[in-house]
């Protein structure tokens, strides 16, 4: 049995993303293409690597074994890269980031500056909503996480580095448009266009309204 690095990386991507669809998007493949390559991998192994429970895919015992080997191979290749880079005098390694979608506005610029200063460091980036980033944090899948309202758990060290003000936006014909210093109670009967459940922006709005003993009323999610 001869497995390729490409096949092992496909399995790693599916494991990290939690679904074939998200892994395919991450790898810039179509879902049928990725599914077909995973079937070929299972055929080469001679055992099923996944089993479907409801709508979710779970690794079988054989899948866990192949995944463990893939992780060890990946780590050894990273170690080799670092060793060779040290011999060349480079600063190397891998930086894995998971960020919330609101960080899309500034992360590319920061990463561009970082890459210019550290070209030998491999950077990977996933952009998700807050709940998904928190799940990755719990599974220790990345090196750095950027979000608003980090979870309050002892193992997390949070360092604020950028303000992220949230404001209310209304059409020009709205009764409150153009007003300054609007009382919070003036928003009590308004309906809002909101992000999906699990979004940090959505949670911040919900906490703000709850703190003022008001219900947040979604019109569109």
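The values are calculated or read from the model by the stated rules, or taken from the named source; none is laboratory data. This structure is a prediction, so every number in the text was calculated from the model and none was measured. Cβ: placed from backbone, ideal geometry, glycine included. Neighbour counts: every protein chain shown.
Within the range 212-221, work out how many residues are exposed (fewer than 12 other Cβ atoms within 10 Å of the Cβ) and within 21 Å of residue 131 (Cα to Cα). Final tally of qualifying residues: 2.
With the requirement that a residue be within 27 Å of the chain's Cα centre (by Cα), touching a residue at least 24 places away in the same chain (Cβ under 8 Å) and surrounded by 12 or more Cβ atoms within 10 Å (Cβ to Cβ), what does the range 183-206 give you? Of everything in the range 183-206, those that are within 27 Å of the chain's Cα centre (by Cα), touching a residue at least 24 places away in the same chain (Cβ under 8 Å) and surrounded by 12 or more Cβ atoms within 10 Å (Cβ to Cβ) turn out to be 192, 194, 195, 197, 198, 199, 200, 201, 203, 204, 205.
Among the residues making up the range 66-99, none is over 25 Å from residue 7 (Cβ atoms) and in contact (Cβ under 8 Å) with a residue 60 or more places away in the chain.
What helices (runs of 4 or more DSSP H) completely inside the range 1-105 contain at least 2 residues that are surrounded by fewer than 16 Cβ atoms within 10 Å (Cβ to Cβ) and in contact with a strand residue (DSSP E or B) (Cβ under 9 Å, 6 or more places away or on another chain)?
Working: elements: 5-17, 20-27, 31-45, 61-88.
Helices (runs of 4 or more DSSP H) meeting the threshold: 61-88.
Is it the case that the range 141-153 has a residue that's under 30 Å from the mean Cα position of the chain (by Cα), free of Cβ contacts under 8 Å to residues at least 40 places away in the same chain and not assigned by TED's automatic domain parsing to the domain that holds residue 99?
Initial filter on the range 141-153 (under 30 Å from the mean Cα position of the chain (by Cα)): 141-153.
Still in the running and free of Cβ contacts under 8 Å to residues at least 40 places away in the same chain: 150-153.
Okay, now just the ones that are also not assigned by TED's automatic domain parsing to the domain that holds residue 99, so none.
Checked the range 141-153: no residue is under 30 Å from the mean Cα position of the chain (by Cα), free of Cβ contacts under 8 Å to residues at least 40 places away in the same chain and not assigned by TED's automatic domain parsing to the domain that holds residue 99.
Considering 162, 216, the condition of being in contact with a helix residue (DSSP H, G or I) (Cβ under 8 Å, 6 or more places away or on another chain) and either farther than 30 Å from residue 86 by Cβ or not assigned by TED's automatic domain parsing to the domain that holds residue 100 (or both) is satisfied by 216 alone. A residue that is touching a helix residue (DSSP H, G or I) at 6+ places or on another chain (Cβ under 9 Å), within 23 Å of residue 136 (Cβ to Cβ), without any contact (Cβ under 8 Å) to a residue 60 or more places away in the chain and surrounded by 11 or more Cβ atoms within 10 Å (Cβ to Cβ) cannot be found anywhere in the range 172-182. Within the range 116-132, the set of residues being in contact with a helix residue (DSSP H, G or I) (Cβ under 8 Å, 6 or more places away or on another chain) and in a loop (DSSP other than H, G, I, E, B) comprises 120, 129.
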